[in-house]
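Encoded as structure tokens, the structure appears first; notes follow it.
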Amino acid sequence: MAASHPPHSSLPAASVADARTALLKRAARDAMDYLEGVNARPVAPIAQAIAALSALRGPLPPGPTSPETVLHLLHEIGSPATVAKTTGRYFGFVTGDCLPAALAASWLVSAWDQNAAHHVQSPVAAQLEETAIDWVRELFGLPEGTGGAVVTGATMANFSGLAAARHTLFERAGWDVEADGLFGAPPITVVVGEEVHQSVIKALGLLGMGRKRVVQVPVDGQGRMRADAVPHLDGMTILCLQAGNVNTGAFDPAAAICPVARAAGAWIHVDGAFGLWAAASPEYCKLTRGFEQADSWATDGHKWPNIGYDCGIALVRDIKALRAAMSIQAAYLVHAETRDPSNYNPELSRRARGVELWAGLRSLGRQGMAAIVERTSSHARRFAAGLKAAGFEVLNDVVINQVLVSFGDAEKTLRVIARLQADGTCWCGSTVWQGQTAMRISVSSWVTSNEDVERSLAAMIKAAKE
């Protein structure tokens, strides 16, 4: 049997270009159709839409399928089965709707089809990534000379910062961990809070430092590391602080802890997936004071900046440490005088994700970034006030955009959450925080309006009182 040819492979170049243009225009229409209609549907997909996904499964067809048919299947069957996170009423995780500039840049990046590994492969990707990293550094108030990498998310940002820490501490001890690995290496102590985020623990596991070989520091009633309980630190210690507890939004007391840690020679790493962005706000920047004294920082672009997924940022005070942990050499790789992204992050071939970060931040500016933090945090306070007024227990001090509410015992709280999710007006998830089951409300999206909050608040109260 003759081999099947990809669609359009035998057509003249002009016809291929015309067909591609027509397909992209149709994709744009489908995307706009989705976005324009998303507010009229439940936030979670209905059961029938999920069941219909079976039509997209099955064995790979023996021959080609036209691109038009593929796109039709995705939109007609795939779109209804999405979670409507582009509405202003999705509060399930600390994620928000993608900014228009970042969304449009994402489309353009896909059309560019750039490999952002090296400057020579994509000068625009390399330079915009470097610029965006420096903008983040400025927003966070971090020291001049701090550099970093745009990675896939906070897990890899934590991985990258901790890899730089591992390199530095072993170098102090005369051990080349990149060359010789961990077998026979001197010990490193890792200190974390009792409510450390699991992305940090996963990163420690990936780095071979162990998920269980950590020293846990007790926390207070809001999940903040207790400064008076921090153990002895030294030059072979990595101390992991948290800027923004994933349940309460609380910040570890960095101003009290960091000077002691620095004096002891410990490496200070900050997991600030969303909380570090509070530094951009004149109203909330006080929460981040002290964190600028750290050695490395990890954050997400897909949380408060609303850049879209596949975007995390690792920042390191001593950029040479990150390069030493991540650099790659091969005869066929031509390194320029300019910055090559592959020398600062875990990947080689990679999407030009820094362009979307650049576009989103450029569209916001410092004032726009501050406005997202302040507006969403104001919405969180409104949720807390409304639920308290209705007679329900808010478990945390609402310091930024996170609210924990209990509707009674664990069984009742879970029933209320299930009823709310089935209602479809908004979507919130459950959590267990310091032994108590709660509904977690994460207000993170630039698109959430006062009307969204009031509609969602009414649905929450109705679900709880039924």
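Nothing in this text is a laboratory measurement; each read-out follows from the coordinates by a stated rule. Note that the structure is predicted; figures quoted are calculated from it, not measured. Cβ atoms come from the backbone with ideal geometry, glycine included; neighbour counts cover every protein chain shown.
Some observations on this one:
- Sites listed here are chymotrypsin sites (Phe, Trp or Tyr not before Pro) in segment 326-414 whose DSSP assignment is loop and whose Cβ has at most 16 other Cβ atoms within 10 Å: 332.
- Rounded to 5, the percent of DSSP beta bridges in the chain classed as antiparallel: 60
- Annotation: extensible slack from residue 378 through residue 449 equals 24.5 nm (criterion: 0.36 nm per residue apart, minus Cα-Cα distance).
- Percent RCO, i.e. relative contact order, over segment 104-363, from Cα pairs under 8 Å lying at least 6 residues apart: 31
- 21 Å Cα-Cα reach of residue 465 towards lysines, excluding residues that sit fewer than 8 places from it in its own chain: 388, 412
- Whichever lysines have a C-alpha closer than 22 Å to that of residue 303, once near sequence neighbours (fewer than 8 apart) are set aside: 85, 202, 286
- Net charge contributed by nearby residues that have their C-beta within less than 15 Å of residue 298 (K/R +1, D/E -1): 0
- Centroid-to-centroid separation of segment 290-312 and segment 166-219 [C-alpha atoms, Å]: 21
- Rounded if a/c under 1.5, otherwise prolate or oblate - segment 104-363, Cα gyration tensor axes: oblate
- Ellipticity estimate at 222 nm from DSSP helix runs (n ≥ 4, -39,500 (n - 2.57)) divided over the chain, nearest 500: -13000 deg cm²/dmol
- Ignoring the sites themselves, the chain has its longest run without trypsin sites (Lys or Arg not before Pro) in a DSSP loop having at most 16 other Cβ atoms within 10 Å at 290-466.
- A simple spin-label model places the labels of residue 31 and residue 409 5.0 nm from each other, with each point 7 Å out along Cα-to-Cβ.
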